[in-house]
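Student: Pasting a structure below so you can have a look.
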Amino acid sequence: MDVLISIRNLVNQFGKQRIHDGLELDIFRGEVLGIVGGSGSGKSVLLRTILGLNAPTSGEIHFSGKELTAMPDAEFACLKRRWGVMFQKGALFSSLTVADNIQFPLREFSSLRAEECRELMYVRLEMVGLERDVADKYPAQLSGGMVKRVALARALALDPVVLFLDEPTSGLDPVSAEEFDQLIAALHRNLGLTVVMVTHDLDSLFSTCDRIAMLADKKIIVGGLRELLANPHPVIQSYFGGGRAQALLRGS
Ligand SMILES: Nc1ncnc2c1ncn2[C@@H]1O[C@H](COP(=O)(O)OP(=O)(O)OP(=O)(O)O)[C@@H](O)[C@H]1O
């Protein structure tokens, strides 16, 4: 397997609280990886560290063989333009229309002309299953599911090689969440994207992810669902041993 992101001996510590301690993880090109773990186990800190939003205490992160932690800021900023990121609440600019939200990265970071940006914005809207007339609305005029889709369209704007999703289905009703999972799976299939998602949603985890990275004892245990279920580690057993997980597993 081709490793896209490689994390080695990562330590994150805030004051006396150590969150990650010698964490190691390889993320393969083209996979959908779900990052899970109990509340406060350090999922968001891990995502923020990969994205360069949190400077690790020590350790290395390599992307396509290049060490991010040692990369000059300008080079890292340039590389990150090929990363799509969707934050938990969508993080859309409330004063901008949907069209302007999606075009924001295009105007900021591409050399496309205004009409090309607009055309590409419509392509992205279609990719996430939204009608063209949504373009002129403001975020406050959208449903929760539509906000997520617009945020995804914006994350896709610059044709990313990897998509980072922070709790993509949180706050959605079960039907919208399932539709969103299907959308992620289709984008992954059609575009060959690598997808890294932090999630609490067991449905997403079981239906969409190729592998699961579970935070346990400040490190990561990673594998396919069956592999993890066979792992006797108490954190894994308690995570998947609950009634809801068991019911879903029986149904899958
Ligand atoms: N900037 C920071 N300064 C100090 N402590 C922090 C900082 N960021 C995170 N933490 C602490 O690190 C720990 C892990 O936080 P994190 O947000 O990564 O957890 P999580 O696994 O994403 O939890 P949840 O599932 O509840 O969102 C928490 O105890 C949190 O308080």
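Student: If only one of SER58, SER44 is over 16 Å from the mean Cα position of the chain (by Cα) and not β-branched (Val, Ile, Thr), which one is it? If you could, list the steps in order and put the result at the bottom.
Tutor: Values: SER44 fails: over 16 Å from the mean Cα position of the chain (by Cα).
Being over 16 Å from the mean Cα position of the chain (by Cα) and not β-branched (Val, Ile, Thr) holds for just one of SER58, SER44, which is SER58.
Student: Search the stretch 1-13 for residues being more than 16 Å from the ligand (Cβ to nearest atom) and of a type in the set (Val, Ile, Thr), and hand back the single one that is surrounded by the most Cβ atoms within 10 Å (Cβ to Cβ).
Tutor: Ranking the candidates gives ILE5 first.
Student: Looking at (1) open to solvent by 40 Å² or more (accessible area, probe 1.4 Å); (2) out of contact with any Leu (no Cβ under 9 Å at 6 or more places or on another chain), which is the one condition that is false for SER64?
Tutor: So SER64 meets the others, but not (2).
Student: Another question about this same structure. Go through the stretch 208-235 and give me each residue that's closer than 23 Å to VAL128 by Cβ and surrounded by fewer than 17 Cβ atoms within 10 Å (Cβ to Cβ).
Tutor: Of everything in the stretch 208-235, just one residue is closer than 23 Å to VAL128 by Cβ and surrounded by fewer than 17 Cβ atoms within 10 Å (Cβ to Cβ), namely ASP210.
Student: Moving on. What is the one condition in (1) outside any loop (DSSP other than H, G, I, E, B); (2) of a type outside the set (Asp, Glu); (3) under 29 Å from VAL32 (Cβ atoms) that ARG107 does not satisfy?
Tutor: (3)
Student: Let me ask something else about it. On the basis of being more than 16 Å from the ligand (Cβ to nearest atom) and either touching an Asp or Glu at 6+ places or on another chain (Cβ under 8 Å) or of a type in the set (A, V, I, L, M) (or both), does LEU79 make the cut? Lay out the reasoning, then the answer.
Tutor: Numbers: more than 16 Å from the ligand (Cβ to nearest atom): yes; either touching an Asp or Glu at 6+ places or on another chain (Cβ under 8 Å) or of a type in the set (A, V, I, L, M) (or both): yes.
Yes; evaluated as a whole, the condition is true for this residue.
Student: Mind listing whichever residues of the stretch 14-64 are in a loop (DSSP other than H, G, I, E, B), away from the ligand (no atom under 13 Å from the Cβ) and either touching a helix residue (DSSP H, G or I) at 6+ places or on another chain (Cβ under 7 Å) or free of Cβ contacts under 8 Å to residues at least 12 places away in the same chain (or both)?
Tutor: Pass one, the stretch 14-64, residues in a loop (DSSP other than H, G, I, E, B): 15-16, 29-31, 37-42, 51-57, 64.
Then keep just the ones that are away from the ligand (no atom under 13 Å from the Cβ); that gives 29-31, 52, 64.
Of everything in the stretch 14-64, just one residue is in a loop (DSSP other than H, G, I, E, B), away from the ligand (no atom under 13 Å from the Cβ) and either touching a helix residue (DSSP H, G or I) at 6+ places or on another chain (Cβ under 7 Å) or free of Cβ contacts under 8 Å to residues at least 12 places away in the same chain (or both), namely GLY52.
Student: Can you give me the number of residues within the stretch 180-196 that are among the charged types (D, E, K, R) and surrounded by 17 or more Cβ atoms within 10 Å (Cβ to Cβ)?
Tutor: Residues in the stretch 180-196 being among the charged types (D, E, K, R) and surrounded by 17 or more Cβ atoms within 10 Å (Cβ to Cβ): 1 in total.
Student: To continue, here is another question. Among (1) under 16 Å from the mean Cα position of the chain (by Cα); (2) open to solvent by 20 Å² or more (accessible area, probe 1.4 Å); (3) over 25 Å from LEU142 (Cα atoms), where does SER170 come up short?
Tutor: Unmet condition: (3).
Student: Which residues, counting only those in the stretch 139-158, are closer than 28 Å to ALA77 by Cα and either surrounded by fewer than 19 Cβ atoms within 10 Å (Cβ to Cβ) or of a type outside the set (D, E, K, R) (or both)?
Tutor: Hits for the stretch 139-158 are PRO139, VAL147, VAL150, ALA151, LEU152, ALA153, ALA155, LEU156, ALA157, LEU158.
The values are calculated or read from the model by the stated rules, or taken from the named source; none is laboratory data. What you are looking at is a predicted structure, and each value in this text was computed from that prediction instead of being measured. Don't worry about glycine lacking a Cβ; one is built from the backbone with ideal geometry, like all the others, and counts go over all protein chains shown. Only protein heavy atoms, including side chains, enter the accessible area calculation; ligands, DNA and RNA are left aside. Shrake-Rupley method; radii C 1.70, N 1.55, O 1.52, S 1.80 Å.
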